[in-house]
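Scroll down for the structure; my scribbles are underneath it.
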Amino acid sequence: MARLPKLAVFDLDYTLWPFWVDTHVDPPFHKRSDGTVRDRRGQTVRLYPEVPEVLERLQGLGVPVAAASRTGEVEGANQLLELFDLVRYFVHREIYPGSKITHFERLQRKTGVPLSQMIFFDDERRNIVDVSKLGTEWCYLHSCPERNEPSDPNPRIRDICKGPSWTLKSNPVNEPHLRHRTARTPGGHFQPPVLCSV
């Protein structure tokens, strides 16, 4: 059996939900009696559909999960995690502006998990570049090139578990210097459970 990571770390914007919480939606958020989550203007906000299943699967495998987000809308991001009932999955949350190197160094201090035994899921190249320097394994998730995507989680934008618009960059063409071991099976490294397409 493949060796599992000791900590799975997820970005939030365009990783768990299809929008930037500090620009595309309008906090504060609330949950209606029908279960939908809405922003201050009444716009419905959603997760990527498979997010709860993926987090549940990681929990079932005994892999702790943490959040690392550089959003400036700290309160809104935390509120969404609560309203979407995702807080129960996250053992730690590092949500504040700045380099993700700081987020990961704090996670390492809090958990005692070596950076090399964490895996990081993010949609932004700059974050992948920063975190890869720490020796952390990573999964570069990307969707359509447009960065002003609506909050509708339609599969054309990205599907968190399956779909051609979501790819695992094991050997990025433009950044061959980045280390990424998650795609290799001979070394027995972690293969994310239905998280990435290779």
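The values are calculated or read from the model by the stated rules, or taken from the named source; none is laboratory data. Since the model is a prediction, treat every value here as computed from it, not as a measurement. All Cβ positions, glycine included, derive from the backbone under ideal geometry; neighbour counts span all protein chains shown. Calculation scope for accessible area: heavy atoms of the full protein, side chains included, ligands and nucleic acids excluded. Shrake-Rupley method; radii C 1.70, N 1.55, O 1.52, S 1.80 Å.
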| For the stretch 49-89, how big is Rg over Rh, using alpha carbon atoms and the Kirkwood form of Rh? | 1.00
| query | In debye to the nearest 20, how big a dipole does the stretch 66-125 give about its Cα centre with +1 on each Lys and Arg Cβ and -1 on each Asp and Glu Cβ? | reply | 320 debye
| Using +1 on the beta carbon of Lys and Arg, -1 on that of Asp and Glu, and nothing else charged, what's the dipole of the stretch 1-40 about the Cα centre, debye to 20? | 280 debye
| field | Most to least packed among 83-94, 125-136 [average Cβ atoms within 10 Å] | value | 125-136, 83-94
| query | With contacts defined as alpha carbon pairs under 8 Å and 6 or more residues apart, what's the relative contact order of the stretch 1-97 in percent? | reply | 32 percent
| note | Given 10 °C, 1.306 mPa s and a Kirkwood radius over Cα pairs, the Stokes-Einstein diffusion coefficient of the stretch 6-86 in µm²/s is 120 µm²/s
| field | Highest to lowest packing among 109-121, 66-78, scored as the average C-beta count within 10 Å | value | 66-78, 109-121
| Using a 1.4 Å probe, what is the accessible area per residue for the stretch 1-134, in Å²? | 44 Å²
| request: Give, rounded to the nearest 20 debye, the magnitude of the charge dipole that the stretch 1-152 has about its Cα centre when Lys and Arg contribute +1 at Cβ and Asp and Glu contribute -1 at Cβ. | output: 500 debye
| request: In vacuum, with every alpha carbon of the stretch 31-72 counted as one equal point scatterer, what does the Debye formula give for log10 I(q)/I(0) at q = 0.14, 0.16, 0.24, 0.27 Å⁻¹? Two decimals, please. | output: -0.52, -0.65, -0.93, -0.96
| note | Among PHE19, PHE90, VAL45, the residue whose Cα sits farthest towards the positive end of the charge dipole of the stretch 17-145 (+1 at Cβ of Lys and Arg, -1 at Cβ of Asp and Glu, taken about the Cα centre) is PHE90
